[in-house]
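For reference, the structure is listed below as structure tokens.
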Amino acid sequence: MAVAQNTLDREVVSTSKIESQLSVTWRRFRRHKLAFLGLFILSFLILAALTARLWTPYDPYAAPPPAVRNFSSPMYKAANNDVFILGTDDIGRDFLSRLAYGGQISLSIGILVTILVGLIGTAVGAISGYFGGIVDSILMRIVDVLLSLPFLPLILAVSALLGQGYWTIVLVLTALGWTTTSRLVRGTIISLRNLEYVEATKALGASNTRIITRHLLPNSLAPIIVDATLNVGGFILIESAVSFLGLGIVPPIPSWGNMLSDAEGYFTNAPLQIIWPGLLIFLTVLSINFIGDALRDALDPRLK
Amino acid sequence: MTTYLIRRTLQGIMVLFFASSLIYLLLDASGGPLSQLNGQSFRNAGEKQAKLKELKKKYHLVNLDNSERNVLERYAAWLFNVDPEGDSDPYFLQNKIDAANRVIASTKPGSISYTQQQLALQDAQSKIGKAAENLGACKNLFSGDNFSKCMSVQRVGGILSGNWGTSLTVANNEPVLQLIFGKPGEHLRSSLANTLVLLTLSLLLSLLIALPIGIYSAVKQYSITDYTVTTLSFFGLSMPSFWFGLMLILIFSLWLGWLPSGDIVDHLENKAEYGDIGVRLKHLIMPLAVLTITSIAGWSRFLRASMLEVLRQDYVRTAWAKGLRQRAVIMKHALRNALIPLVTLMALAVPGLFGGAIITERIFNYPGMGTLYFHAIGRIDWPVAMAFLLISSFLVILGNMFADVAYALVDPRIRY
């Protein structure tokens, strides 16, 4: 009898302190050490990119003075006593400054496109999932057709026809990239809309908008957040691929992708120029993936 | 099963139709074939107008009488163009009549050109009535018996009739179909064949490598191998493929000199035939590595998760309890159930293959459809670009259909 009592006592979780969902999530997130490494690297890179204007010694766009040699190696000191920490690129501009400004562009495109895609995808998915019927059929048919198109070739074609530039690439990526998010949101909303509290809210006379925005969407935030986090990495990869292929962001505006394509012809002269931009893309996306994976484990409703 | 196949095929054709319309609308809305004039400069406005007019006629953007077509008419013209040509075209015949009249008015009766032009005039005048009537029928295609009248004219077809256009800028006026599918007799060396070799090999290789890794990782969970595989799969998923390719070239071609860095044969070293398997394999190693790394990372992780879920099931416990050998339990019972979601994942990965092919072929200078498309995009070669998009959409839809059939075969619970 006493032994049974002890085992029972041991299994009971203390309920004297009520934890908010945020602190539960944080506690579960804390267990993933790799995610903290990812957070550290990512915040360092974001900070470096955000404050690029403050700490980069040279202008990434300006043509350099003739005293500076091109393709120099790191820690190069030019004839006019300028020091270039990572060397210069094929025209003689400072490589480090270009990396920083390129980071600004790449990171901002990733985050901006993710936010836009999140908004559009959530809206379409919520409407489709909640109302069902013919609205759902039509919207999902559109999504199906969009998903069966080859993604990168279409992006390349539309970018080539619309021209180059920051906002073009943002527009193209948003217009073609919202489909996976909408499918995800639709699935979550469908699994939530038949629950009893939704029925109760309907019985109390709530309008459809209110049900969606105040009840269904907040409860489906978990997969949306995880999906958004992983999307940032995905869109950074796609943007750098498009810039690498010569569309999207073109020189002289630096983007990690087009810095790689600039350096492509100069394997023997300056191998570092091929290593650095790609390495930064890799580290960024890796950190984002670590964080996203940890978030997915932390927010998973099945493991309580 | 057969009814399901038929239904699925019809569905696939419908999706292909919608996909083609979406592609055409997207490209048309972004500027269409006329955007190749964007970067060009002209001596005067007249020259630009003339070039514009020529392009509009070439790409069926205007009717025969140079009136603008709306977007639906443009799409229909691209699909199955019913514009008559030659002696069925009343405008062409009218031009002939006018030219003949000019020559007749300016030459002496009895000279050779006079009689020639008289004959031509009579010929054209006899045909022009019928031609005008047929053209009217083609303008209002779906009213009355216009359809049969119009279909009887001699005309330049559209995509559905096999007229995929000629490439303007990539290859000088070479027909697009020949560019992609290769000259007759050289089909196995064509761009499409090269790309298909690359893509199918990468799919097979990814599957062959991801399966054992995923299974082992799930069976020996929490072992060192498992942790290594999980971390490495993160690396593979985050790797920009173009950077990976460049690094491979740097390491294996420049620093070590082991592997060739491009194309499919060594043109200088050994005049190897295209059929020499050894040389082709050597050239394929690095492109395949680049194409497979992301897939292997993603699929092995997914298979691991799927296997873990399956291994917790009761029927697997029963199999262990029955005393079956580990191999039988895992291979015969667990794996077959864990593979089912992987089929879906593989089907979803097919559209991404073509993007990967473009990047890989560009880096390694591989003569496939990807480089063709890349050059077409750079110089805005509309027919080649549309052809590539159509072919890749078709292959994607075909892949989806295969995946559905495979799903039905693999999962005995599904009965159609």
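Rundown of residues vs (1) in a helix (DSSP H, G or I); (2) more than 21 Å from B:Glu361 (Cα to Cα), yes/no style:
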| position | (1), (2) |
| --- | --- |
| A:Ile224 | yes, yes |
| A:Leu237 | yes, no |
| A:Val242 | yes, no |
| A:Gly246 | no, no |
| A:Asp262 | yes, no |
| A:Gln273 | yes, yes |
*Pick out the one residue from A:Val232, A:Val226 that is surrounded by 22 or more Cβ atoms within 10 Å (Cβ to Cβ), under 19 Å from B:Phe234 (Cβ atoms) and more than 11 Å from chain B (Cβ to nearest Cβ).*
A:Val232
*Which one is surrounded by the most Cβ atoms within 10 Å (Cβ to Cβ) among residues in segment A:172-186 that are of a type outside the set (Val, Ile, Thr) and more than 9 Å from chain B (Cβ to nearest Cβ)?*
A:Leu173
*Just to be sure, is A:Ser106 away from chain B (no Cβ under 11 Å) and touching a helix residue (DSSP H, G or I) at 6+ places or on another chain (Cβ under 8 Å)?*
no
_Every residue from segment A:203-223 that is loosely packed, with under 15 Cβ neighbours inside 10 Å and more than 30 Å from A:Ile291 (Cα to Cα)_ = A:Ala203, A:Leu204, A:Gly205, A:Ser207, A:Asn208, A:Thr209, A:Arg210
*Can we say B:Asn101 is more than 27 Å from B:Asn173 (Cβ to Cβ) and touching a residue at least 24 places away in the same chain (Cβ under 8 Å)?*
no
*Is one or more of the residues making up segment A:141-153 in contact (Cβ under 8 Å) with a residue 60 or more places away in the chain, of a type in the set (Val, Ile, Thr) and within 9 Å of chain B (Cβ to nearest Cβ)?*
no
*Quick check, is B:Gly399 surrounded by fewer than 24 Cβ atoms within 10 Å (Cβ to Cβ), within 10 Å of chain A (Cβ to nearest Cβ) and closer than 30 Å to B:Arg7 by Cβ?*
yes
_segment A:274-292 - residue that is aromatic (Phe, Trp, Tyr) and at the interface with chain B (Cβ under 8 Å from one of its Cβ atoms) and, of those, surrounded by the most Cβ atoms within 10 Å (Cβ to Cβ)_ = A:Phe290
*Just wondering, is there one or more residues in segment B:362-382 that are touching a residue at least 60 places away in the same chain (Cβ under 8 Å), within 21 Å of B:Ile296 (Cα to Cα) and of a type outside the set (Ser, Thr, Tyr)?*
yes
*Would a scan of segment B:38-48 turn up a residue that is assigned to a helix (DSSP H, G or I) and in contact (Cβ under 8 Å) with a residue 24 or more places away in the chain?*
no
*Working carefully through the options A:Ile189, A:Ile169, find the one that is within 14 Å of another protein chain (Cβ to nearest Cβ), in a helix (DSSP H, G or I), surrounded by 22 or more Cβ atoms within 10 Å (Cβ to Cβ) and aliphatic (A, V, I, L, M).*
A:Ile169
*Based on what the data block shows, is A:Ser220 over 27 Å from A:Ser137 (Cα atoms) and of a type in the set (S, T, N, Q)?*
no
_For segment B:272-365, give me every one of the helices (runs of 4 or more DSSP H) that falls completely inside it and has 3 or more residues that are surrounded by fewer than 14 Cβ atoms within 10 Å (Cβ to Cβ)._
B:277-311, B:314-322
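We did not get these values from a lab; they are worked out from the coordinates using the rules stated. Everything numeric in this text was worked out from a predicted model, so none of it was measured. Virtual Cβ from ideal backbone geometry, glycine too; neighbours counted across all protein chains shown.
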